[in-house]
Each structure stands twice: as structure tokens, then as C-alpha cells.
Amino acid sequence: MSVPHLVIVMPAYNEAEGIRGFIDEIRENVAPLTDRLSFVVADDLSTDATVAALTGIDDVQVEPQPDNRGHGPTALAAYRAGLALDPDLLVHVDGDGQFIGPDFARLVGAAQTTAADVVHGVRHSRTDPWYRRVLTGAVGLMIASAAGRRVPDVNTPLRAYRPAALRALLDAAPSELLVPHVHFSLAEARGDFSVRYLAVTSIPRRGASTSGTMWGGGVKALVPPPRLRRFVVGALREAWMLSLRPNAPLRSIRKP
């Protein structure tokens, strides 16, 4: 079943080396599945040539952000800009290119054949540092306890959403969320959303630096960089205040 209008959105920060090739790979694999394909890149005030690398591509819309706000707010900005294009299906992925093109075709196919509200790409063979994997596991246990069931890869950035389901989540989400996908995963489990899970391959970040520039510390860091440690503290506080505590505002999200 062809998707009339497929929109793929991604937040990006300093991804000049790999983002254009990543978009080309996605396009090659999903173009046969849709009548119209659009990309939206929310650039988090990159200090490299990310915006220049995407200039002049007909199906790519770049949305420069007014401030460098971090991944969460930029992801939400990408979602909202994508919804403004009136898609029939919207796919989110981070701009660092840690997925392979054929998995996008499988994700779109799963969304179409199952009619699910959302399909999550569940990563395997991850190459993240040990502390990132431990953190992901710990967050998964916390969300499983709150949701009453296990949610595989709770913070995966690869997701395909039906517009109505995504709007229900975004309408309740403050624009400055640090970890929107954690909140979304919990809300979907609690709110009776139809969720499907698809195993996908995880690869290193594209470009010369496999570690990126978000957290500092470099690829050889053996312990969590200070910036990441501060982020984790803030994210845990946010999760408690907005999704976990009794009467938290995001607890009331329900499937539309």
C-alpha cells in the first residue's frame, strides 16, 4: 500500500559529514513506497556546514532553530514542522545516521500493514559506550514499572507515527522536553495506543567522528562525560515531574 504523503523528520546538530548521504539512502529505499516524499531537518544551530550541505535539495526543508536547545526540543520542533506539511505518515529519525536505509522501508511497510498508531524501531547491535547502554537499560526498567509492561528500546529515535496519534502526544508536550521519546513511550503504553515493535540495525554515527559533539569526552571516554551526567539528572527530574508522579500532566494522554 503506497503512502500518499510520507514525511521524514530529523533533528540535527553538526552532521555535515554524513547527513546528505543518509538522506539519499533513506530516499532510495522509501521512494517506491510513497506518492510524495518530504524531508524536514530541524537544525539546532549547528556550528559546521550542516545547513549548507542540505541547501538546494528539492525535497528537503531545513528549519534552523533560533537557539541551540539540545536534542529534545529540536526533535519536537522537527515533529511539529513535519505535521504542518499534512502527512499521511510521519517518520522521525536522528540526523546522525545510525540506521540503514532498508530498515526505513521495513518500518513504513509495518506501519501500513498493521495500521498501528506508531511503529518503534528497536535497535540491536548497538555500538554506544557501556554507560549509554546501562542508562538505556535503567530507563527501560523505570518505564516498565510505571507502564505495567516492558517497552523495548524506550528512547529509540526511529518511529513511524500516524498524524492523529502524534498530535495527541505533541499537544500535551511542553516544547522544551529533554527526553520526549521517553515520555511518548510511557504515554503510548498507558493511553492504549496501538504500538508495534520492529527490530532494526544500529550502526555507528556517520562521519569522521563516531562519537559526535553533543556530549563531549570523545570516542575514547571510559566514563560518562560531565555534560551527559548533568543531562541525566535533569532528565530524571523531568520524568518524575511530568510523567511519573501522581497527577503528572502527561499521565492523561490517551489515544485519539
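Laboratory data are not the source of any read-out in this text; all were calculated from the coordinates shown. As the structure is a prediction and not an experimental result, all values here were calculated from the model. Virtual Cβ from ideal backbone geometry, glycine too; neighbours counted across all protein chains shown.
Values for this structure:
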{"read-out": "Rounded D (µm²/s) - region 1-148, Kirkwood Rh over Cα pairs, Stokes-Einstein at 10 °C, 1.306 mPa s", "value": "97 µm²/s"}
{"read-out": "Debye-sum result for region 74-184 in log10 I(q)/I(0), which assumes one identical scatterer on each alpha carbon, at q = 0.10, 0.20 Å⁻¹", "value": "-0.30, -1.27"}
{"read-out": "Other-chain or far-sequence residues with amide H under 5 Å of Val3's (modelled H)", "value": "Thr34, Asp35"}
{"read-out": "HN-Hα J in Hz across region 117-122 - Karplus 6.51, -1.76, 1.60, θ = phi - 60°, x for Gly and Pro", "value": "5, 8, 10, 9, x, 8"}
{"read-out": "Nonlocal amide H pairs with Gln61, under 5 Å, H built at 1.01 Å", "value": "Phe39, Val40, Val41"}
{"read-out": "Diffusion constant of region 1-76 at 37 °C, which comes from Stokes-Einstein with the Kirkwood Cα-pair radius and 0.692 mPa s, µm²/s", "value": "255 µm²/s"}
{"read-out": "Reciprocal mean inverse distance between Cα atoms of the chain - Kirkwood radius, Å", "value": "18.4 Å"}
{"read-out": "Interchain or long-range residues, amide H under 5 Å from Leu178's placed H", "value": "none"}
{"read-out": "Equivalent ellipsoid, region 37-119 (semi-axes from 5 times Cα gyration tensor eigenvalues, Å)", "value": "24, 14, 13"}
{"read-out": "Value of relative contact order over the chain, rounded to a whole percent, pairs C-alpha under 8 Å and six or more apart", "value": "22 percent"}
{"read-out": "Cβ-based net charge around Val9, under 11 Å, with every Lys or Arg adding one and every Asp or Glu removing one", "value": "0"}
